[in-house]
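Shown next, in structure tokens, is the structure this report addresses.
The values are calculated or read from the model by the stated rules, or taken from the named source; none is laboratory data. Not measured: the values here are computed from a predicted model. Every residue, glycine among them, receives a Cβ derived from its backbone with ideal geometry; neighbour counts consider all protein chains shown. In case anyone asks, the SASA skips ligands and DNA or RNA and just uses the protein heavy atoms, side chains included. Shrake-Rupley method; radii C 1.70, N 1.55, O 1.52, S 1.80 Å.
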Amino acid sequence: MVKKLKIKLSESKGFSFAELLFAVLILMLSTTIIIQCFNLGVGNVVKETRASEAQLLCSALTSSLQNELTYARDIEISGNSLDTYFSSSRRMGANSKIIFQDGDTTVANGGEIKIQSVTTQDGATTTTVYPLVAGSNYTAANRAGSGGSGYFLKAYLDGGAIQWDNTNQVFIITLWVDDGSKPALSATDAQTKALAYSQFRVKPLAGVKPVTPPVTPP
């Protein structure tokens, strides 16, 4: 029996080239599938993280704007939107307004929402800017930023401003947060496509300054 086994083993020729090639192809295919599944899993985690960060930022901005606008005084309206007001937040004071900044550059819409106050004393004008929420909330999920702007997330307001409903004497705020690398959405599209969306109303405790119509020269 042992002799027959030795003869059988000595006659074994091993794997053929075709068999080895087939095994290598199977291994490569399996590796590719594993890598793709891994990348898909990582992508989903990043996507979920972005959505969570956006929801947290939108919630923080909503709370801050509600507080800011509720206690606003000396409110001035331009057209149908908030112009300037007296802010009790951070002692910003009179002539405060809501602005957007991308880095240190003021933009019309899309970026970090801040409060800006302009004061003049002894002929000197001082501009003070303070973030509505900490800037780290915009970049926490991706420090690399997007599009070179330094922001991962950007906040937007409908029309780039706080809207005013003169009939009901309330502010109407349409706010959304989205990936900073994407083109800006319209307010309509933002309802379904933005990472986070919020629309709410705030009634200020103080009244609005009456708007004096412009005097038409004779």
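Structure summary
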| quantity | calculated |
| --- | --- |
| FRET efficiency estimate (nearest 0.05) - Cβ-Cβ, Leu29 to Ser186, R0 30 angstrom | 0.10 |
| Share of pairwise Cα separations in segment 47-131, more than 19 Å, in percent | 46 percent |
| Label point 7 Å beyond Cα of Ala124 along Cβ direction - residues of segment 78-104 with amide nitrogen under 11 Å | none |
| Extension gain from Asp74 to Thr167, taking 0.36 nm per residue of separation minus the Cα-Cα distance | 31.6 nm |
| Segment 88-141 - percent of accessible surface contributed by carbon and sulfur, probe 1.4 Å | 42 percent |
| Which listed pairs, of Lys97/Lys182; Lys97/Lys203; Lys114/Lys203; Lys97/Lys193, have C-alpha distances above 24 Å, in listed order | Lys97/Lys182; Lys97/Lys193 |
